[in-house]
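As structure tokens, the structure follows; a few thoughts come after it.
The values are calculated or read from the model by the stated rules, or taken from the named source; none is laboratory data. Every value quoted in this text rests on a predicted model; they were computed, and no experiment measured them. All Cβ positions, even for glycine, are placed from backbone atoms using ideal geometry, and neighbour counts span all protein chains on display. Heavy atoms of the whole protein, side chains included, go into the accessibility calculation; ligands, DNA and RNA do not. Shrake-Rupley method; radii C 1.70, N 1.55, O 1.52, S 1.80 Å.
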Amino acid sequence: MSTTISPGSSKDLRSPLLSASAKDTGRAATQKICIDVMLQKYCGEFGPWQLRHFVLTSLAWALEAFHTMVMIFADREPDWRCVDGPLGLTGCNRVAKTVCGLEPGSWEWVGGVGSSTVAQWGLVCGEKYKVGLVQALFFGGCMIGAGIFGHLSDSFLGRKGSLTIVCLLNAIFGCITALTPDYITYLLLRFLTGFSTGGVGLCAFVLATEPIGPSRRGVAGMSTFYFFSTGIALLSLVAYVFPTWRALYIASSIPSLIFLVLVIPFISESPRWYLVRGKVNEAMTIMNSIAKSNGKELPEGITLGLDDESNTKSISESVNPTSNNGVSGSLVDVVRSPVTRVRLFLAVAINFLCSVVYYGLSLNVVNLDTNLYMTVVLNAVAEMPAFTITAILLDKFGRKPLAIGTLWFSGLFCFLGSLVRNDVVGVWKVLRMICGVLGIFGMAGTYNLLFIYTAELFPTVVRNAALGCATQASQMGAILAPFVVVLGGALPFVVFAICGIVGGIHAFYLPETLNKPLYDTMDGMESGEKDRDLLISV
């Protein structure tokens with residue numbers, strides 16, 4: 001028997017419900033997870049993609065070394081020699097240690113007046129302070145540039161955009177410096193070069209480490225300084241090939257142009273920056289590229305979310321899972337938050353104290369009566385064991401104990417160096433030199449650690465701004481270090497010892513960041529820290 005169903009039957013009435021049910025079944029639930037979880041579970045924490053990206057981005061550190069340390073060779077005081085006058089008469093004292101007081105025309109610079117800026121503009125005797133002024137203004141420019149580009153890289157320019165601009169400015173200012181007609185113009189151009197150089201390291205560091213998973217990020221971040229030290233060693237070779245200061249400035253600036261043309265196009269923007277700026281599609285594109293290059297695959301129904309909204313929440317596709325309104329932040333937010341306010345103060349203080357010791361001891365060590373090119377290479381290579389040791393111990397002991405240990409290690413040997421009189425000879429003189437070398441060895445380890453430690457103390461939305469502020473403090477220490485060295489005698493070692501010990505005390509009040517998430521937002525960090533404190537109290 002056939003059954004006829006009228007249009008008003010119950011089965012016909014149920015058909016819209018069935019259609020809606022089918023539509024609900026087809027709608028997939030999308031789970032939001034933060035970047036660290038996605039890297040750990042699905043993409044890989046440090047695979048071929050991250051290795052290639054890390055190496056390419058970290059090459060910028062060698063460029064920073066070129067533009068920073070070029071002053072060692074360009075502003076050096078070259079050797080001089082006596083010149084016989086008419087009838088063999090000369091007013092030059094061949095046993096004199098300086099040219100001060102010698103009759104004009106009785107002596108000449110070895111290599112000619114173009115060998116350095118000192119020879120070019122006579123920056124000796126009463127004019128010698130001008131060499132220190134150039135160095136101070138360069139680091140002053142670094143201090144300003146670190147703050148400005150730290151903010152710009154967190155805001156609309158991004159990490160890659162900021163790195164591109166600072167490298168371009170470095171290349172331009174460096175080449176123009178080679179054409180400088182007088183000292184005042186040279187002073188201004190070195191300040192401008194410092195302004196752009198101040199943003200290179202911090203932009204490169206954050207861009208290189210943000211796509212790396214939490215368990216590998218520390219060691220990778222500690223490895224960036226190998227590129228800086230290698231850059232110093234290569235600069236010594238370049239300076240040997242190009243002995244005149246004008247040619248040297250051009251030769252040291254060309255690598256920045258090469259970097260812009262051959263490297264920058266193959267570097268990706270940070271997915272974390274895309275995420276906090278509300279560009280989830282772009283962030284997911286990069287995460288898919290990471291997973292594919294690492295031989296993995298992202299499952300369906302997974303998307304990125306900020307740490308204050310992920311927490312394994314599920315959302316339907318009726319709410320767009322590939323977008324958010326974006327989050328922004330600045331140093332004002334860092335100061336307002338009770339969690340990050342104290343961290344910023346401590347990071348600034350420690351970076352400042354560390355820089356005074358590092359640059360101060362560097363000046364004491366390199367001022368030896370030896371071959372300048374070889375001395376610079378040896379000092380660059382000597383720092384590398386400190387980088388290796390801190391990288392090995394980083395994930396075993398944690399950031400905080402290692403920071404305290406390296407600061408106090410340096411402070412201890414600086415104190416021992418202060419006990420040895422400045423006029424001693426023989427074995428005591430060697431002992432004093434060893435104390436200085438061990439002091440800079442410990443502080444080089446601290447310097448290496450501080451970048452990754454400072455970056456982990458602040459969320460993505462303000463990370464570069466906070467790191468830029470800490471870098472500014474570091475540059476201020478670099479400006480003051482030469483004035484400490486001028487004190488002479490045991491006083492520099494006393495100051496360095498105090499700075500190292502006080503820096504270690506400040507580090508006691510920093511939280512440990514080992515195996516902690518790299519937070520995206522201020523709210524996410526505050527919530528995460530509250531949950532952690534509750535667990536500790538229980």
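Numbers below:
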read-out	value
Residue in segment 179-196 that is at pLDDT 85 or above and under 30 Å from Ile35 (Cβ atoms) present	yes
Top-ranked residue in segment 236-262 [being closer than 13 Å to Val70 by Cβ, in a helix (DSSP H, G or I) and β-branched (Val, Ile, Thr); ranked as nearest to the chain's Cα centre (by Cα)]	Ile254
Among (1) open to solvent by less than 20 Å² (accessible area, probe 1.4 Å); (2) assigned to a helix (DSSP H, G or I); (3) of a type outside the set (Lys, Arg); (4) touching a residue at least 60 places away in the same chain (Cβ under 8 Å), the one test that Leu189 misses	(4)
Options Phe451, Phe458, Phe413: the member that is out of contact with any Pro (no Cβ under 9 Å at 6 or more places or on another chain), of a type in the set (Phe, Trp, Tyr) and over 19 Å from Val356 (Cα atoms)	Phe458
Unique residue being surrounded by 18 or more Cβ atoms within 10 Å (Cβ to Cβ), more than 13 Å from the chain's Cα centre (by Cα) and not charged (D, E, K, R) when the list is Phe228, Phe195, Phe149, Phe205	Phe195
Residue check for Tyr249: of a type in the set (Ser, Thr, Tyr), assigned by the TED database to the domain that holds Glu45 and open to solvent by less than 20 Å² (accessible area, probe 1.4 Å)	yes
Matching option when the condition is free of Cβ contacts under 8 Å to residues at least 24 places away in the same chain and out of contact with any strand residue (DSSP E or B) (no Cβ under 7 Å at 6 or more places or on another chain), among Val261, Val219, Val276	Val261
Single residue of segment 263-285 satisfying the filter (open to solvent by 20 Å² or more (accessible area, probe 1.4 Å) and assigned to a helix (DSSP H, G or I)) that is farthest from Ala204 (Cα to Cα)	Asn281
Qualifying helices (runs of 4 or more DSSP H) (wholly inside segment 1-101; at least 1 residues being exposed (fewer than 11 other Cβ atoms within 10 Å of the Cβ), among the acidic types (Asp, Glu) and modelled with pLDDT under 80)	10-26
Residue check for Lys396: over 19 Å from Val485 (Cα atoms) and surrounded by fewer than 18 Cβ atoms within 10 Å (Cβ to Cβ)	yes
Residue in segment 231-246 that is farthest from Gly112 (Cα to Cα), counting only those that are small (Gly, Ala, Ser) and open to solvent by less than 10 Å² (accessible area, probe 1.4 Å)	Gly231
Unique match (being within 14 Å of Val356 (Cα to Cα), surrounded by fewer than 21 Cβ atoms within 10 Å (Cβ to Cβ) and modelled with pLDDT under 85) among Leu431, Leu438, Leu487	Leu487
Which numbered condition Tyr453 fails, given (1) in a helix (DSSP H, G or I); (2) of a type in the set (Ser, Thr, Tyr); (3) under 25 Å from Phe225 (Cα atoms); (4) modelled with pLDDT under 85	(4)
Any hit, segment 473-488, residues being more than 17 Å from the chain's Cα centre (by Cα), farther than 19 Å from Leu346 by Cα and part of a loop (DSSP other than H, G, I, E, B)	yes
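Residues checked against (1) modelled with pLDDT under 80; (2) aromatic (Phe, Trp, Tyr); (3) in a helix (DSSP H, G or I):
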residue	(1), (2), (3)
Asp369	yes, no, no
Thr375	yes, no, yes
Ala382	yes, no, yes
Ile389	no, no, yes
Ile392	no, no, yes
Gly405	no, no, yes
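Yes or no, residue by residue, for (1) closer than 27 Å to Phe387 by Cα; (2) open to solvent by less than 10 Å² (accessible area, probe 1.4 Å):
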{"site": "Ser155", "(1), (2)": "no, no"}
{"site": "Gly158", "(1), (2)": "no, yes"}
{"site": "Tyr183", "(1), (2)": "no, no"}
{"site": "Gly199", "(1), (2)": "yes, yes"}
{"site": "Arg216", "(1), (2)": "yes, no"}
{"site": "Gly221", "(1), (2)": "yes, yes"}
